[in-house]
1. Mind checking which residues of the range 44-100 are within 30 Å of Trp34 (Cβ to Cβ) and acidic (Asp, Glu)?
2. Please find, among Arg104, Arg79, Arg112, Arg85, the residue that is loosely packed, with under 10 Cβ neighbours inside 10 Å and more than 27 Å from Ala47 (Cβ to Cβ).
Amino acid sequence: MWCPGRALASSVRQTRLWAFSSPVASCSATAYLWFVTSTAKKIFEEAMGLPQAERRLLAEALLDSTTDESEHEIDPAWRDEVLRRIEQVRRGEVKPEPWSEVRRQIREALAR
C-alpha cells in the first residue's frame, strides 16, 4: 500500500505538506515521522499514550499554533466558487460522490 509519509518528492516541504494533509487512513501515523527531529518523534510517542480525545485537542492546538490569522480569511473568488458549486448541487446539475468513493479513486490513482 502506498503511503504519503514514505513517498519520494522533489522536496521535503512538498512531502511534508502532502503527508499532513492526506486523508490516507490506512497508513501508520509513524510513517509520517521520517522527516522530523528526534525531539518531535519523542513528543509524538509520548502523545500517543494520551486518550484519543486529548490527542485530538493537542493536534488542534498544534495546528492552530502554526497558522496565521490571514490564512483563515477566505478569498472572495473561492467563496464565490463554493457558493456556485452548492447551487449546482441544489439544482441537481451535479451529483456529489461519497467521500469513501473519492478516497478509493485517489488511492487507486496514486497506486499506479
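1. Passing the criteria: Glu45, Glu46, Glu54, Glu60, Asp64, Asp68, Glu71.
2. On the way: Arg104 fails: loosely packed, with under 10 Cβ neighbours inside 10 Å; Arg79 fails: loosely packed, with under 10 Cβ neighbours inside 10 Å; Arg85 fails: loosely packed, with under 10 Cβ neighbours inside 10 Å.
Of Arg104, Arg79, Arg112, Arg85, the one residue that is loosely packed, with under 10 Cβ neighbours inside 10 Å and more than 27 Å from Ala47 (Cβ to Cβ) is Arg112.
Read-outs: derived from the displayed coordinates by stated rules, not from any lab. All values derive from a computational prediction rather than experimental measurement. No Cβ is skipped: glycine too gets one built from the backbone with ideal geometry, and neighbour counts run over all protein chains shown.
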